[in-house]
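Trainee: Following this message is one structure expressed as structure tokens.
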Amino acid sequence: MNYFLSYPRSGRTWQRQRVKHFCALHGIKDTVRFSHIGFERYAPKNVTAIQNFTHRLRSSDNITVLLRKGEALINSYWFYCRKQYGLGIELDPFIRSDLGVKRVRDFLGVISALKKRHHLRFLHYNDAFDPHFLYNIPDILGVENNLDTAMIKAIETKVSAGYTNKRSGKPGNYKDTMSTSSQKYIREQLQGVSLAEYRERYL
């Protein structure tokens, strides 16, 4: 089984569509799962879901973790919660709430624990949006790479059409919406749990 793990707002929707269309082109069925592993959107951390997921993992499973810069991730998650759920809290206090940087720390802690028992691959948000990323999908899924330019174009066209229809509004750059003190706070809070793979690009 191929698992893509992520914290909400790490680019899962985009990558899931890319992988979905790749699998459809190659007749690959029921071998890919995307999961927030107990950190679903706008909900408390689900410890039971985390435990159930980690217990059913096998040594043969391929696991890829989607990562995003902490400041950008929390900024986007705050924007999403306000837009989708009417969250009535400004960004700076949100960062220091249980839904802010503490929740991201908890997620990274789970990933760090998984890393001790499984081989994990890490995909950065910015790298994943590079068109050349599509050429890495076969390797990630452990299948033969027979992608050509026409296939790449077909996948990107389908993904772009579907994704554009779903999107409405963007959170803006965190540097424009987040105070410098909050940016510093996030960096300090994540420093102790940031994984080495943050500096080891997948592509």
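Trainee: Looking at PHE107, is it under 16 Å from the mean Cα position of the chain (by Cα), modelled with pLDDT of 90 or more, under 20 Å from THR13 (Cα atoms) and aromatic (Phe, Trp, Tyr)?
Mentor: Spelling it out, PHE107 is indeed under 16 Å from the mean Cα position of the chain (by Cα), modelled with pLDDT of 90 or more, under 20 Å from THR13 (Cα atoms) and aromatic (Phe, Trp, Tyr).
Trainee: Hey, does the range 170-192 have a residue that's among the charged types (D, E, K, R) and modelled with pLDDT under 70?
Mentor: Yes, that holds for at least one residue.
Trainee: Could we say that TYR42 is more than 14 Å from TYR3 (Cα to Cα) and part of a helix (DSSP H, G or I) here?
Mentor: Judged against the criteria, TYR42 is not a match.
Trainee: Additional query: Please specify each residue of the range 22-41 satisfying the condition of being surrounded by 19 or more Cβ atoms within 10 Å (Cβ to Cβ) and over 20 Å from ARG56 (Cα atoms).
Mentor: Passing the criteria: only PHE22.
Trainee: So is ASN62 farther than 17 Å from THR13 by Cβ and not basic (Lys, Arg) or not?
Mentor: Answer is yes for this residue.
Trainee: Another question, if that's okay. Return the total of residues in the range 6-31 being in contact with a strand residue (DSSP E or B) (Cβ under 9 Å, 6 or more places away or on another chain), in a loop (DSSP other than H, G, I, E, B) and either free of Cβ contacts under 8 Å to residues at least 40 places away in the same chain or closer than 26 Å to TYR174 by Cα (or both).
Mentor: So the answer is 3.
Trainee: Still on this structure: Conditions first: (1) modelled with pLDDT of 90 or more; (2) within 20 Å of the chain's Cα centre (by Cα). ASN136 passes all but one, so which condition is the exception?
Mentor: Here ASN136 meets the rest and fails (1).
Trainee: Still on this structure, please answer the following. Can you tell me which residues in the range 103-116 are in contact (Cβ under 8 Å) with a residue 40 or more places away in the chain and among the charged types (D, E, K, R)?
Mentor: Within the range 103-116, ARG103, ARG105, ASP106, LYS115 qualify.
Trainee: I'm told GLN84 meets every condition in (1) in contact with a Ser or Thr (Cβ under 9 Å, 6 or more places away or on another chain); (2) in contact (Cβ under 8 Å) with a residue 24 or more places away in the chain except one. Can you identify the failing condition by its number?
Mentor: (1)
Trainee: Please list, ordered by first then second residue, the pairs with beta carbon atoms under 9 Å, 6 or more apart or interchain, first in the range 161-189 and within 17 Å of SER76 (Cβ to Cβ) and exposed (fewer than 13 other Cβ atoms within 10 Å of the Cβ), second small (Gly, Ala, Ser) and at pLDDT 90 or above.
Mentor: Correct list of pairs: LYS170/SER76; ASN173/ALA72.
The values are calculated or read from the model by the stated rules, or taken from the named source; none is laboratory data. It should be emphasised that the depicted structure is a prediction, and the values quoted were computed from it without experimental measurement. Glycine also receives a Cβ, built like all others from the backbone with ideal geometry; neighbour counts cover every protein chain displayed.
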